[in-house]
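Working notes, beginning with the structure itself.
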Amino acid sequence: MPAEPLSPTTCLNCGTPFSTPFCPECGQERGPSILTFRELLSSTVDHYLSLDSKFVRSLIPFLRHPGMLSEEYVRGRRQRYVSPIRLYLVTSLVFFVTASFFVDRSEQGFLHIQNSSERTVSPDSSKVTIRRGPAPQFAITRSGQVAGDSLDRTTAGEGSDSVPGNQFSEDAKGTFFRKLFETDPRVISSHFVKQIPRALFLLVPLFALLLKLVYWRRSRAYIEHLVFALHSHAFLFLILIPAVLTRSRMVGNLGMVVASVYFFIAMKRFYDQGWGKTTLKFLLAAGAYSTVLATALLITLVLTIVFSL
């Protein structure tokens, strides 16, 4: 028994009338404009990192018209543009590969330490000595003892009594700080940069949740806020790549200003509210997310240091 013919409909992507499972003009699948997690993920799995004409074609409206890609994707015009997850993955991959390349080759890494002191290790590896010009010399022995000539104390290894309050005990705290002191900052920097993509990827759904709370009166599903969050983070990665390449703080600050303006205009277009409400909600969302981001990066840094020692 032959299948019943499908009723005529209009393609949400290009507007072509058709009565087949797929649009004969653009190839978009027939179906409602309701966005689901399954569709968002399925459009990314197949060649999610390949740079085809769709990806290149999406960059122009993405950069020139803040919020346009999110608006078009949610409204059902999805075949002509690249998937939000794919755009996020490509831009984040380019950004963090570039950042890792430059951090690994920087003089001191992400955690810059002024090299005004000289650290020497004695041949018998029994102590580490710090010299700071005319300042007194101090020695940190392997047992954790601290000795300084300006304080009229004997040097480590002579068996004299140590002064209370200036001796590291043989516990986890003393061992941790001794290892931190001896660890090359570039090692911690490299590990830290490698962990940032994971932290930010986990923060994208949280940012979408913040938008859901800020716009709690709007009849938008969480998945729509997630699309907007993916596009916002993708633009942030793109705009900060020049700062990584130039290693310029001024370029980085300028990029953050541009990203803030872009995010504000994108919110105005995507959520379609007045300038006053958009300004208020922009400040709420930006302030809350900045706090969450700073906390997440601090936790990531602490965990990186702990597991790097």
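The values are calculated or read from the model by the stated rules, or taken from the named source; none is laboratory data. Since we're looking at a predicted model, the values are computed, not measured. Note that we place each Cβ from the backbone using ideal geometry, even for glycine, and neighbour counts take in every protein chain shown.
Per-structure values
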quantity: Search result, residues across region 255-266 that are touching a helix residue (DSSP H, G or I) at 6+ places or on another chain (Cβ under 8 Å) and either at pLDDT below 90 or over 26 Å from residue 198 (Cβ atoms) (or both); calculated: 264
quantity: Per-region count, region 207-232, residues surrounded by 15 or more Cβ atoms within 10 Å (Cβ to Cβ) and in contact with a Lys or Arg (Cβ under 8 Å, 6 or more places away or on another chain); calculated: 5
quantity: Within region 212-238, tally of residues that are under 24 Å from residue 58 (Cα atoms) and over 13 Å from the mean Cα position of the chain (by Cα); calculated: 10
quantity: Candidate set from region 255-283 (those that are of a type in the set (Lys, Arg) and closer than 29 Å to residue 243 by Cα); member that is surrounded by the fewest Cβ atoms within 10 Å (Cβ to Cβ); calculated: 269
quantity: Region 1-31, residues that are of a type in the set (D, E, K, R) and modelled with pLDDT of 80 or more; calculated: 25
